[in-house]
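Okay, so here's the structure we're looking at.
The values are calculated or read from the model by the stated rules, or taken from the named source; none is laboratory data. In this text, all values refer to a predicted model and were calculated from it rather than measured experimentally. Methodologically, a virtual Cβ is constructed for each residue, glycine included, from the backbone with ideal geometry; neighbour enumeration extends over all protein chains shown. Only protein heavy atoms, including side chains, enter the accessible area calculation; ligands, DNA and RNA are left aside. Shrake-Rupley method; radii C 1.70, N 1.55, O 1.52, S 1.80 Å.
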Amino acid sequence: MVDFKFSEEEELFRESVIEFAKRYIEPKWIEIDEQGKIPLDLIKKMGEQGLFCIPCSDQYGGMDGTYLMTAIAVEEIAYHEPAVALAVYTLLNNGWPYALELFGTEEAKQEILPRVAKGEAFYGIASTEPHGGSDVAGTKTRAEKRDGKWILSGEKIYISGVQEVQDLPYGGGFFTIARTGSVEEGHRALTAFNVLPKWEGKIRPGFEPTIFDDIGRHGLSTGGFKLTDFEVEEKHVLGEINKGFYLIMQGFNLARILVSSACVGSARWAIDQAVNYFREKKIFGRYLSSFQGVNFKFAELYAELEMVRLMVYKAAWLADKIYKEKDPAYKPKDLNIPVAIVKMKAPEIATKIYTEVLKWYGAYGYTKEAQIYRGWLGTFSYTIGAEGAQNIMRYIIARDIIGTEYVRA
C-alpha cells in the first residue's frame, strides 16, 4: 500500500529543523544575503544540530538518518532562508559526503566525514570546467601517478564553496574527477578523487583559487580554482581507477534531489508571502485575489509546486531503497528518471512562482524592502543549470524511456 505520510521520527526531525531555523536562520537570512557570507558560528551551530552528513553513518560522525530526512532538512532551511545560500551549503555537505561514504576508502571517510559533520570542514563537488559543465565526459583535468601519489593539474570553474574551504578552521575540499587515460577514451578514462585544498588548517601547494561576484544566493561563494601539480594521496581515490564517471553520476542523482528540495522550500516561502499579501491588498474596492486572473494563476502554481514536492519525496524515498536499505528490487539507474524530473521541474516552478509574486506585488516587488527578489535570484541559479542543465534533464528522461540509440544524434 502507498502511504502518504512521514514516520514519527521524520515528523519530529522536521519540527526540530523548523525550530532551529526560526531561531538561528530566519532572523539572519537577509543580513547573510546582504553581506555575502555565512557566519562561521552559524555553520558550527548547524553542525552541532546535526544538519550536515545526515544520511552518513554515525561511525563517521553522521546522523545515520534517511535520505528523505535529508531532503526535509534542506527544504525547511530553504523555506526560512529563501535566498538558498544556506540551503545549498546544507545540501552540498549532505549529498557529497554521502557519496564519499558510498565510494571512498575507509581511511578517507574516517578522516573527512567527522570534520564535515561538525561544521569544521566543507565537502562539495568540483566537476565543471571552462569548456562546459554538462560535458563531464570531456573533463580535461589530468591525474598522473608519481612516486605513489596522484598529481593533478587542470582547472575547475563555477564551484560552490571555494571561499568556505579557505575560511573554515579545518578546511575542506571536493569530490572531483580527473582524466587518468586518453581523451579518446572519453568517460571511460575518468577517476574520482577527494581534492582537499586546505586540510588540518593549512592551504596546500598547487591550489590557486578565484571568487566570482554572483547575482544571487550571495551567502555562499562561487568560484573556481587551478590545480598545478596538486598532490592527492592514494587513500583519496574514490572507487576504481577509470570508473569515476559512473560514481559522479550517482553523486549527481543524490545531489539533485536536494537541489530540488531547496527550490521547493524557497518556492513555498514565496507562495506564503503571496497569500499574506492577498489577504491585505485591495484594488478597486476588492481583494486582489478576488480577480480570476490572479487566483486561477495562483491555484495552478500551487498545484504544480505540490506535485513537484511529492516527486522530490518519492526520489528521496527511492534513494533510501537503493542505498540505505539495499533493496534488490531497485538499482542506482532507477533514480535517473525521478531525479531528472524533479531537477527539471523544481527550479522552473520556483522561478515561475517568484516571477508571478513579483507581478502581484507590483512596484513594491521591485524594491529591496519586499525581499522577493532574493529568492528569485537564488532559485534562478538552478534554472540556469547549476547541478545539471535543464535540457540535460530532459535528455536523460527521453534517453531512459525511448532508448539511447533513438535519441543520440
Revision key, fill the gap. In order over region 13-20: 3J(HN,Hα) from phi, Karplus 6.51/-1.76/1.60, θ = phi - 60°, whole Hz, x for each Gly or Pro, gives 5, 4, 4, 5, 5, 4, 4, 5
Check your understanding: Rounded to the nearest 20 Debye, what is the dipole magnitude of region 41-183 about its Cα centre when Lys and Arg each give +1 and Asp and Glu each give -1 at the C-beta?
Key -> 540 debye
Study note, to complete from the structure: Expressed as a percent, the portion of alpha-carbon pairs in region 292-409 spaced more than 18 Å apart is 62 percent
Check your understanding: Can you list the HN-Hα couplings for region 72-79, worked out from phi with the Karplus curve (6.51, -1.76, 1.60; θ = phi - 60°), rounded to whole Hz and with x for Gly and Pro?
Key -> 4, 4, 5, 4, 6, 5, 5, 4
Point to revise | Tail fraction, Cα-Cα pairs, region 224-355, threshold 22 Å, whole percent | key: 55 percent
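What does DSSP give for region 125-185 in terms of the percent of beta bridges that are antiparallel, rounded to the nearest 5?
Details: 5 of 8 bridges.
Restricted to region 125-185, the bridges split so that about 60 percent are antiparallel.
Where the eigenvalues come from the Cα gyration tensor of the chain, what are the semi-axes √(5λ) of the equivalent ellipsoid, largest first, in whole Å?
Each semi-axis is the square root of five times an eigenvalue, giving 35, 23, 21 Å.
Rounded to a whole number, what % of the accessible area of region 23-80 do carbon and sulfur atoms account for, probe 1.4 Å?
Details: 990 of 2250 Å².
Carbon and sulfur atoms account for 44 percent of the accessible area of region 23-80.
Which value, in debye to the nearest 20, gives the size of the charge dipole of the chain about its Cα centre, when Lys and Arg are +1 and Asp and Glu are -1 at the Cβ?
The calculation lands at about 980 debye.
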Practice item. Quick one: which residues, 5 or more positions from MET63 or on another chain, have an amide H under 5 Å from its amide H? H modelled 1.01 Å from N in the peptide plane, none for Pro or chain starts. Key: ILE54, CYS56
Point to revise | Residue-level accessible surface for THR66, protein heavy atoms, 1.4 Å, Å² | key: 40 Å²
Review point. Which aspartates and glutamates have a Cα lying under 13 Å from the Cα of LYS333, excluding residues fewer than 8 positions away in the same chain?
Key: ASP400
Point to revise | region 1-113: translational diffusion in µm²/s, Stokes-Einstein, Kirkwood Rh over Cα pairs, 4 °C, 1.567 mPa s | key: 88 µm²/s
Review point. When the Karplus curve 6.51 cos²θ - 1.76 cosθ + 1.60 is applied with θ = phi - 60°, which whole-Hz ³J(HN,Hα) does each residue of region 23-40 get, with x for Gly and Pro?
Key: 7, 10, 9, 4, x, 10, 5, 5, 4, 4, 5, 5, 7, x, 7, 7, x, 5
Exercise for review: Using Cβ-Cβ distances only, list the Cys residues of the chain with no partner cysteine under 4.7 Å, sorted by number.
Suggested key: CYS263
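On a 1.4 Å probe surface of the protein chains, which of PHE6, PHE225 comes out largest in accessible area, and what is the full order? Provide the component values of the computation, followed by the final result.
On the way: PHE6 50, PHE225 5 Å².
Highest to lowest solvent-accessible surface, that is PHE6, PHE225.
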Review point. LYS5: which lysines have alpha carbons under 21 Å from its alpha carbon, excluding same-chain residues fewer than 8 sequence positions away?
Key: LYS314, LYS321, LYS324
Check your understanding: How much solvent-accessible surface does TYR330 expose, in Å² to the nearest 10, with a 1.4 Å probe and all protein chains in place?
Key -> 70 Å²
Exercise for review: Determine how large the accessible area of LYS345 is when every protein chain is in place; take a 1.4 Å probe and give Å² rounded to the nearest 10.
Suggested key: 80 Å²
Revision key, fill the gap. Expected sort for 307-316, 273-282, 90-99 on mean C-beta neighbours within 10 Å, highest first, is 90-99, 307-316, 273-282
Review point. Rounded to the nearest whole Å³, what is the per residue volume of the convex hull around the Cα atoms of region 226-302?
Key: 168 Å³
Study note, to complete from the structure: Counting only residues 5 or more apart in sequence or on a different chain, those whose built amide H sits under 5 Å from that of GLY173 are PHE122, TYR123, GLY124
Check your understanding: With the Cα gyration tensor of region 118-248 giving a ≥ b ≥ c as the square roots of its eigenvalues, does the rule (a/c under 1.5 for rounded; else a/b larger than b/c for prolate; else oblate) give rounded, prolate or oblate?
Key -> oblate
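Translational diffusion coefficient, Stokes-Einstein: compute it for region 61-186 using the Kirkwood radius over C-alpha pairs as Rh, at 4 °C and 1.567 mPa s, and state it as an integer in µm² s⁻¹.
On the way: Rh = 16.1 Å.
Approximately 81 µm²/s, per Stokes-Einstein.
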